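Working notes, structure below.
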Amino acid sequence: YAEGQFKKMTSDDINALQLYQTYQKLINDGGIDPTHVLTASQERLIELSKRPGFTLAEFEKFIALHKKHFSGYMGEKRKQMVIKYGFDPKNASHL
């Protein structure tokens, strides 16, 4: 159990989390709900990418980051703690 918690605790990629949050902010600032991007069909993503300031590649990168690192629940407060400490304090407490 402890080994599993240690792996989870140290598996978060801080740079990926920061990039994910940057994309999330850009999408929000552009008037798009990020959850709409995450659930959009390819056709809808192409439509959204026609807006000024957005590219299809950025949306696809945002979706890929979400699937790889953040598809489970991790609230904003917890994400900020991962950035602050460099590891996930929740898993550290379980460890």
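The values are calculated or read from the model by the stated rules, or taken from the named source; none is laboratory data. Since we're looking at a predicted model, the values are computed, not measured. Glycine also receives a Cβ, built like all others from the backbone with ideal geometry; neighbour counts cover every protein chain displayed. Accessible surface is based on the protein model in full, side chains and every heavy atom, while ligands, DNA and RNA are left aside. Shrake-Rupley method; radii C 1.70, N 1.55, O 1.52, S 1.80 Å.
Quick notes
- Residues that are more than 14 Å from D13 (Cα to Cα) and of a type in the set (S, T, N, Q) were ranked within segment 75-94; the one that is modelled with the lowest pLDDT is N91.
- Comparison of Q42, Q18, Q80, Q24 shows that the only residue that is loosely packed, with under 14 Cβ neighbours inside 10 Å and either at positive phi or in contact with a helix residue (DSSP H, G or I) (Cβ under 8 Å, 6 or more places away or on another chain) (or both) is Q18.
- Test: residue in segment 61-69 that is open to solvent by less than 70 Å² (accessible area, probe 1.4 Å), more than 24 Å from G31 (Cβ to Cβ) and not small (G, A, S): yes
- Scanning segment 27-39 for residues that are of a type outside the set (S, T, Y), within 22 Å of K79 (Cα to Cα) and surrounded by fewer than 11 Cβ atoms within 10 Å (Cβ to Cβ) yields D29, D33.
- Matching residues, segment 9-38, being free of Cβ contacts under 8 Å to residues at least 60 places away in the same chain and part of a loop (DSSP other than H, G, I, E, B): D13, G30, G31, I32, D33
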